[in-house]
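Novice: So that we are looking at the same thing, I have put the structure below in structure tokens.
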Amino acid sequence: MNPDRYRVKAGQNVSLQDWATDDDGGYTKEEGKALLAEYETELAQWQERLYAESKQALLVVLQARDAGGKDGTVKQVFGSFNPNGVQISNFKVPSEEEQGHDFLWRIHAKAPRRGTIGVFNRSHYEDVLVTRVHDLIDTKTAKQRLDQIRHFEAMLTENGTQIIKFYLHISPEEQQERLQARLDDETKHWKFNEGDLAERVKWPEYTKAYEDALTTSTKDAPWYVIPADRKWFRDLLISQVLLAKLKEMKPQYPATTFDPKQVKIPNIEVK
């Protein structure tokens, strides 16, 4: 499976109807889950190297429609990582303090520190998606913000933070099933939000907003359109992209400043 086929090329105009939501990469579910287990072990090892080195950072952006699988992705893909080296941030409606600053002010404060992986479960792109669909900003402002996002991500990259962005692409039919499942299972009622139904009606408007947002894909901060109807394939593909990126970053364990063979650990007698 070549993950580059899911990558949005720099300068590419995107039509989401050209991207499948139910792709399986040629794997069966059983094959995919077995391979995912292998990736989880390897990802944890590379994350440890990144944490130990503490010279680079990785920012992972997750965007999706309601019930698109952001939380499930965080749980499955990042669940095996050392929590000390992962920071999950979720950007919702800005507070009064946040509204008093530029829209990227609160985002920059959550950028991952060196040695860590930062996960934005919803991100700065909310400010060119929800705001645009609900006419809180006009097209001119949206274009300005997209340009500012490109510059912001370029600045992060130039200062040692690698960036990967994932759009979890689900079909309206799959979204309907997932929302219904939240109604049918009382243990999932807490996940259901009636506001999601109003957003669902605006499907075409969100499609247009996402297509414009995906044009911010660059060589150093690429977007990947992840087929997300099959949860196991979503997790498998994201894990593969993350693993390739961590290997590309080549984090190294710090050089040892002492001779381990010369160190003697004292015995302690406990009385």
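Just so it is clear, none of the values below were taken in a lab; they were calculated from the coordinates. Because the structure is predicted, anything quoted here is derived from the model rather than measured. So basically every Cβ, Gly included, is an ideal-geometry build from the backbone, and we count neighbours across all protein chains shown.
Novice: Do the alpha carbons of any pairs in 70/250; 219/250; 70/110; 92/250 sit beyond 25 Å of each other, and which pairs?
Specialist: Working: 70/250 27 Å; 219/250 18 Å; 70/110 18 Å; 92/250 34 Å.
Check vs 25 Å cut-off fails for 70/250; 92/250.
Novice: Tell me, what is the percent relative contact order of the chain, built from C-alpha pairs under 8 Å that lie six or more residues apart? Show your work: numbers first, answer last.
Specialist: Working: 372 pairs, mean separation 98.8, N = 271.
Relative contact order, the chain: 36 percent.
Novice: FRET efficiency for residue 270 and residue 41, Cβ-Cβ distance as r, R0 = 35 Å, nearest 0.05?
Specialist: So the FRET efficiency works out to roughly 0.40.
Novice: Using just the helices of the chain, give the 222 nm mean residue ellipticity in deg cm²/dmol: DSSP H runs with n ≥ 4 each add -39,500 (n - 2.57), and the total is spread over all residues, rounded to 500.
Specialist: Dividing the helical sum by the residues of the chain leaves -13000 deg cm²/dmol.
Novice: For the residue pair residue 262 and residue 101, what label-to-label distance in nm results when each label sits 7 Å from Cα along the Cα-to-beta-carbon direction?
Specialist: Computed distance between label sites residue 262 and residue 101 equals 4.8 nm.
Novice: Just from the alpha-carbon atoms, what are the Rg and Dmax of segment 151-271 in angstroms?
Specialist: Considering segment 151-271 through its Cα atoms, Rg and Dmax are 23.5, 74 Å.
Novice: Still on this structure, I have one more. For segment 3-262, take every pair of Cα atoms, bin their distances at 5 Å starting from 0, and report each bin as a whole percent.
Specialist: 1, 5, 12, 16, 19, 17, 13, 8, 4, 1, 1, 1, 0, 0
Novice: Using θ = phi - 60° and the Karplus form 6.51 cos²θ - 1.76 cosθ + 1.60, what ³J(HN,Hα) does each residue of segment 103-115 get, whole Hz, x for Gly and Pro?
Specialist: Couplings: 5, 8, 4, 6, 6, 4, 5, 9, 4, x, 6, 4, x Hz.
Novice: Take the alpha carbon atoms of segment 197-271, find their center, do the same for segment 39-63, and report the distance between the two centers in whole angstrom.
Specialist: 6 Å
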